[in-house]
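Visitor: Would you mind keeping the following structure in view while I ask a few things?
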Amino acid sequence: MEFNYLIVRSYILRWFKQFARFVLVGLSGAAVDFGIYLLLTRGFFYWQQHFILASTISSLAAATNNFLWNRRWTFNDKNPQIIKQYVIYLAITLIYLAFLQFGLWFGVTYLHLYDILAKVLALGVGVVIYFTILRHKVFISTGQTVAVEKL
């Protein structure tokens with residue numbers, strides 16, 4: 001098997017392009033999450049009293065937003081089993097969110113970091129792992145498989 005610089009370069013460029021799109025989609029998800037949360041909790045008395053439920057609704061809306069945009073724009077995935085794919089995506093997303101919470105707790109409790117710094121560090125580590133898992137387990141494109149097989 002021969003090493004081909006152009007194939008490796010193409011693979012790396014594609015990874016960075018997808019990762020940049022992934023980050024932009026994540027930012028749009030954060031906007032959806034905070035927008036819905038603020039609309040519910042600041043606009044309706046009921047949701048002020050049930051802010052955890054409001055946060056759950058806004059988080060699920062953001063996760064759905066991110067799934068649809070990542071599926072279409074970031075990974076250009078055309079898997080016809082969208083419901084199965086969405087369920088797997090949600091399961092991985094919940095594990096990712098638990099990882100972020102653990103990172104925050106660990107950073108503050110054991111490393112004695114400022115909470116914002118601990119959250120940013122957990123996010124920095126987690127987002128690369130999360131992207132990689134989604135890329136290889138949820139949004140699997142045929143072009144990516146071919147490029148890896150050529151290496």
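The values are calculated or read from the model by the stated rules, or taken from the named source; none is laboratory data. None of the values given here were measured: they were computed from a predicted structure. Cβ placement follows ideal geometry from the backbone for every residue including glycine, while neighbour counts extend to all protein chains displayed.
Visitor: Find the residue count for region 102-138, including only residues that are touching a helix residue (DSSP H, G or I) at 6+ places or on another chain (Cβ under 6 Å) and not aliphatic (A, V, I, L, M).
Guide: Residues in region 102-138 being touching a helix residue (DSSP H, G or I) at 6+ places or on another chain (Cβ under 6 Å) and not aliphatic (A, V, I, L, M): 7 in total.
Visitor: Pairs, please: C-beta under 6 Å, at least 6 apart or cross-chain, first residue more than 17 Å from ILE95 (Cα to Cα) and touching a residue at least 12 places away in the same chain (Cβ under 8 Å) and in region 110-126, second assigned to a helix (DSSP H, G or I) and among the hydrophobic types (A, V, I, L, M, F, W, C)?
Guide: These pairs meet every condition: ALA118/LEU104; ALA118/VAL108.
Visitor: Inside region 1-85, counting only helices (runs of 4 or more DSSP H) that do not spill past its ends, which hold 1 or more residues that are closer than 26 Å to LEU123 by Cβ and either small (Gly, Ala, Ser) or under 15 Å from the mean Cα position of the chain (by Cα) (or both)? Give the derivation first.
Guide: On the way: elements: 5-43, 45-49, 51-69.
In region 1-85, the matching helices (runs of 4 or more DSSP H) lie at 5-43, 51-69.
Visitor: Still on this structure: Out of region 68-94, which residues are among the aromatic types (Phe, Trp, Tyr), under 17 Å from LEU24 (Cβ atoms) and crowded, with 17+ Cβ neighbours inside 10 Å?
Guide: To start, the set of residues in region 68-94 that are among the aromatic types (Phe, Trp, Tyr) comprises 69, 73, 75, 86, 89.
Narrowing the set further to residues that are under 17 Å from LEU24 (Cβ atoms) leaves 69, 73, 75.
Passing the criteria: TRP69, PHE75.
Visitor: How many of the residues in region 23-58 are within 19 Å of ALA98 (Cα to Cα), surrounded by 18 or more Cβ atoms within 10 Å (Cβ to Cβ) and not charged (D, E, K, R)?
Guide: 4
Visitor: Something else about it: Are there any pairs, at least 6 apart or on different chains, whose C-beta atoms fall under 9 Å, with the first in region 23-45 and charged (D, E, K, R) and the second loosely packed, with under 13 Cβ neighbours inside 10 Å and in a helix (DSSP H, G or I), and if so, which?
Guide: As it stands, the answer is ARG42/GLN48, since those pairs meet every condition given.
Visitor: Continuing with this model, one more query. Name the single residue, out of those in region 1-22 being charged (D, E, K, R) and farther than 24 Å from TYR89 by Cα, that is surrounded by the most Cβ atoms within 10 Å (Cβ to Cβ).
Guide: Applying the first criterion (charged (D, E, K, R)) to region 1-22 yields 2, 9, 14, 17, 21.
Filter once more, keeping what is farther than 24 Å from TYR89 by Cα: 2, 9.
Values: GLU2: 5, ARG9: 10.
Looking at the filtered set, the residue picked out is ARG9.
Visitor: Of the residues that sit in region 95-129 and are modelled with pLDDT of 90 or more and within 15 Å of the chain's Cα centre (by Cα), which one is nearest to VAL25 (Cα to Cα)?
Guide: My answer is ILE129.
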